[in-house]
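The values are calculated or read from the model by the stated rules, or taken from the named source; none is laboratory data. Because the structure is a prediction, the values reported are computed rather than measured. Here the Cβ positions follow ideal geometry from the backbone for every residue, glycine too, while neighbour counts run over all protein chains shown.
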Amino acid sequence: MKLHSTLGALALAATLATAAHADTAAPGAPRPNDFGLDVVRLSPRVVVVYGGPWDNGIVAVATQKGIVVVDAPFSKALSGAFREAIRAELGRSDVAYLVNTHEHVCHVGGNAAFADVPIVGHESLLREMREMAADAGRGRKVCDMGDRELAKVREYLQKADPKKLEGPEWALYEKLWRGIQADLKKDASLVLPTITFDRELTLRLGDVSVRLDFYGHSHGAADTVVRIPEENLVLTAGLFYPAKVPALTAVTEKATPGEIDNWFVVMKGLLDEANDETKFLASHGRAVMKKEKYRGYVAYLEGVWNGLRSARASGKTLEEAKAGLPLSGFPGVAGLPNEELRGTEWENLDIHGHNIERLWKALERAPR
């Protein structure tokens, strides 16, 4: 949706990866449909459908043994629209698997649209979704979140560009949220994964293999990278976007040092396999990132982590550790915005500082 690109600091996760800040934009001319979704053919086998209020990029891979779809956003009706757009573009409907990359509602809330096929996710995703499903107020909470977001964006546009509130982009944006809310008020039940894995899993589908690698506790509890070697394609889950410093969430504070170390095992494995043509796709927005962009993000996170370990081992305080790890010391990210979601309930005006604090808390939980 183009509306989000007009909102500046108020734009949500989708805006953080717009093509204006990307290494390259997704190739191919988008083909719009009645749901406001844009369909882009990334290759003869790969389709990316962009849309929803947070501009999810839903990837579908056509294989000899069926279609693999990655993630299902928000609600059954919205994800059903994504599924229909995939069917129309590929000219086939034989979905073999749905893969969930992590537990956030914008990735699993629409699993019901794929209840007829195996749903694959990490063991921790199943645990998280069981807790979500047990919350009788889950649907209301998502609806309330939509109301707050609409109010914030409307308030911003009234001040910055009120004419946009009369335009088709705002109408579609509001329609999407109202449709999600109506869907959840009717039925907020979640469909859980039916296939789980521990560290890694490969789905073999004849001409294509879909490899899942768990690293967890960075953006979500169940963060999973999806790579399709035959397409030289990596889906990075929710942590990396080209228009900002990578932002760890509060879930990182619950990670063990071993779990954080595993991030870099997985990420460096991706880099070892990648080449200059590898496409790295973010979960939201229309960016296609390249290997060097991804390498800079990984170097940043590992540098902060190692620096904090060293600082704590030498008896330094958190503030001393912060002083020794300025953002300017990490060239892969130093030129990127160090804030996100200004003016929203997710506002973060010092991503780097919060990353340090969250990793420090993870260290504090571990014995010296």
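Here's a check for you: in the range 98-126, which residue that is without any contact (Cβ under 8 Å) to a residue 60 or more places away in the chain and over 19 Å from Thr236 (Cα atoms) is surrounded by the fewest Cβ atoms within 10 Å (Cβ to Cβ)?
Here the answer is Asp116.
Test each condition in (1) crowded, with 22+ Cβ neighbours inside 10 Å; (2) assigned to a strand (DSSP E or B); (3) over 14 Å from the mean Cα position of the chain (by Cα) for Ile260 and report the one that comes out false.
Tallying (1) crowded, with 22+ Cβ neighbours inside 10 Å; (2) assigned to a strand (DSSP E or B); (3) over 14 Å from the mean Cα position of the chain (by Cα), Ile260 fails exactly one: (2).
Being assigned to a strand (DSSP E or B) and either without any contact (Cβ under 8 Å) to a residue 24 or more places away in the chain or touching a Gly at 6+ places or on another chain (Cβ under 9 Å) (or both) is the filter here, so list the residues in the range 205-224 that pass it.
Correct list: Ser209, Arg211, Leu212, Asp213, Thr224.
Which one is surrounded by the fewest Cβ atoms within 10 Å (Cβ to Cβ) among residues in the range 127-140 that are of a type outside the set (A, V, I, L, M) and closer than 24 Å to Thr224 by Cβ? Talk me through it step by step, then tell me what you get.
Of the residues in the range 127-140, the ones of a type outside the set (A, V, I, L, M) are 127-128, 130-131, 135, 137-140.
Filter once more, keeping what is closer than 24 Å to Thr224 by Cβ: 127-128, 130-131, 135, 138.
Values: Arg127: 14, Glu128: 21, Arg130: 12, Glu131: 10, Asp135: 12, Arg138: 18.
Top of the filtered list is Glu131.
What number of residues within the range 312-348 satisfy the criterion of being of a type in the set (A, V, I, L, M), under 20 Å from Phe240 (Cβ atoms) and modelled with pLDDT of 95 or more?
Residues that pass the stated criteria total 5.
Please count how many residues of the range 335-346 are farther than 15 Å from Tyr156 by Cα and touching a Leu at 6+ places or on another chain (Cβ under 8 Å).
4
Take the range 122-146 and flag every residue that is in contact with a helix residue (DSSP H, G or I) (Cβ under 8 Å, 6 or more places away or on another chain) and more than 14 Å from Asp183 (Cα to Cα).
Scanning the range 122-146 gives Leu125, Met129, Met132, Asp135.
Please go through the range 85-103 and pick out each residue that is touching a Leu at 6+ places or on another chain (Cβ under 9 Å) and either within 19 Å of Gly139 (Cβ to Cβ) or not in a loop (DSSP other than H, G, I, E, B) (or both). Break it down into steps so the answer makes sense when it comes.
From the range 85-103, those touching a Leu at 6+ places or on another chain (Cβ under 9 Å) are 85, 96-97, 99-103; that's our starting set.
If the condition is that a residue be touching a Leu at 6+ places or on another chain (Cβ under 9 Å) and either within 19 Å of Gly139 (Cβ to Cβ) or not in a loop (DSSP other than H, G, I, E, B) (or both), then Ala85, Ala96, Tyr97, Val99, Asn100, Glu103 are the ones that fit.
Please find, among Asp161, Asp198, Asp187, Asp207, the residue that is within 25 Å of Leu248 (Cα to Cα) and either crowded, with 16+ Cβ neighbours inside 10 Å or acidic (Asp, Glu) (or both). I'd like the intermediate steps shown before the answer.
Details: Asp161 fails: within 25 Å of Leu248 (Cα to Cα); Asp187 fails: within 25 Å of Leu248 (Cα to Cα); Asp207 fails: within 25 Å of Leu248 (Cα to Cα).
Of the residues listed, the single one that is within 25 Å of Leu248 (Cα to Cα) and either crowded, with 16+ Cβ neighbours inside 10 Å or acidic (Asp, Glu) (or both) is Asp198.
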